[in-house]
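Only one structure is covered here, and it is reproduced in the block below.
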Amino acid sequence: MRKPLLAGNWKMNCTIAESQELVRQLRDQIGARDDRDVLVAPTYPALALVAKELEGSGYLLAAQDLYWEDSGAYTGEVSGPMIAAAGCSHVIIGHSERRQYFGETEETVSKKTQSALRHGLGPIVCVGETLDQREAGDTLAVIERQVRGGLDGLGSEEIGRLVLAYEPVWAIGTGKVATPEQAEEVHAAIRGLVAKLADDATAEQCRILYGGSVKPDNVDVLMSEPDIDGALVGGASLKAADFARIVAFQS
Ligand code: 13P
């Protein structure tokens, strides 16, 4: 009942011309899909052109971040209205790389999420534990703190417009993928938490993506888990054939 969502986070990769080439290859190799949502998240400079290239494809477009103010003297930042005007339907918020390198906190994730919702963007809110936190047995407590922090102050209707992404930090870009059981345990916990923060119906419809070394050869088993509703893909989303195979997962 939840439509799978396969999302490519291109991170800080591809010039405008390279983005155009990649999105053309993706359209060629993926084709039209009604039974699953396909999303790409290029860098800011490429958004408008990629939006144009995606016309008629039905694929979704996301930015990789946003700032919570709408405009003003915030050098270097990009706002929700700008992203929406560039053709985005979604925006990634709180990616672990932003938490790790750019000082993102639960409070900034919350402000960004509220701003995205105000501008009609679907926030893709990322959470995930580090290796130390997992080894200390703190995974579920960390995830709960991040989800509660990011969703602070939101009502059920707003929570219903979110996508959540579980990305264990130790699995990102390392080739070390969470086992389907490890991922499912956290996804089920997140869904339970969404039920508490919103209600059962909202939790049932909320899409929770897994991210962290998703590849053509592990996507099928991950997508077989009941609470894994899609994937947020980094490295493998930059290779059209790999991402096309991930979109074509079979569970
Ligand atoms: P990799 O797929 O490269 O591990 O990256 C995952 C990720 O961070 C997606 O947002």
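General observations
- Within the stretch 141-163, residues that are under 20 Å from residue 128 (Cα atoms) have Cβ atoms under 8 Å from residues that are open to solvent by 60 Å² or more (accessible area, probe 1.4 Å) and outside any loop (DSSP other than H, G, I, E, B) in these pairs: 149/107, counting only partners at least 6 apart in sequence or on another chain.
- Which numbered condition residue 99 fails, given (1) outside any helix (DSSP H, G or I); (2) open to solvent by 10 Å² or more (accessible area, probe 1.4 Å): (1)
- In the stretch 226-251, the residues that are among the charged types (D, E, K, R) and open to solvent by 40 Å² or more (accessible area, probe 1.4 Å): 239, 242, 245
- Residue 183 vs. criteria in contact with a strand residue (DSSP E or B) (Cβ under 9 Å, 6 or more places away or on another chain), within 16 Å of the ligand (Cβ to nearest atom), farther than 14 Å from residue 93 by Cα and modelled with pLDDT of 95 or more: yes
Quick grid of which residues meet (1) open to solvent by 10 Å² or more (accessible area, probe 1.4 Å); (2) near the ligand (Cβ under 10 Å from one of its atoms):
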| site | (1), (2) |
| --- | --- |
| 208 | no, no |
| 211 | no, yes |
| 220 | yes, no |
| 224 | yes, no |
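- Looking only at the stretch 105-118, residues that are more than 25 Å from residue 185 (Cα to Cα), touching a residue at least 40 places away in the same chain (Cβ under 8 Å) and either open to solvent by 20 Å² or more (accessible area, probe 1.4 Å) or outside any helix (DSSP H, G or I) (or both) come to 4 in all.
- Scanning the stretch 204-221 for residues that are of a type outside the set (Val, Ile, Thr) and outside any loop (DSSP other than H, G, I, E, B) yields 204, 205, 207, 209, 210, 211, 220.
- Failed condition for residue 161, given (1) more than 16 Å from the ligand (Cβ to nearest atom); (2) open to solvent by 30 Å² or more (accessible area, probe 1.4 Å); (3) more than 17 Å from the chain's Cα centre (by Cα); (4) closer than 22 Å to residue 64 by Cα: (3)
- First in the stretch 82-104 and away from the ligand (no atom under 16 Å from the Cβ) and charged (D, E, K, R), second anywhere and assigned to a loop (DSSP other than H, G, I, E, B) and open to solvent by 10 Å² or more (accessible area, probe 1.4 Å), Cβ under 9 Å, 6 or more apart: none
- Residue within the stretch 37-52 that is outside any strand (DSSP E or B), over 25 Å from residue 251 (Cα atoms), open to solvent by 70 Å² or more (accessible area, probe 1.4 Å) and of a type in the set (D, E, K, R) present: yes
The values are calculated or read from the model by the stated rules, or taken from the named source; none is laboratory data. Please read all numbers here as calculations on a predicted model, not as lab measurements. Please note: Cβ atoms are built from the backbone with ideal geometry, for glycine as well, and neighbour counts cover all protein chains shown. Heads up: the accessible areas ignore ligands, DNA and RNA and are worked out on the full protein's heavy atoms, side chains in. Shrake-Rupley method; radii C 1.70, N 1.55, O 1.52, S 1.80 Å.
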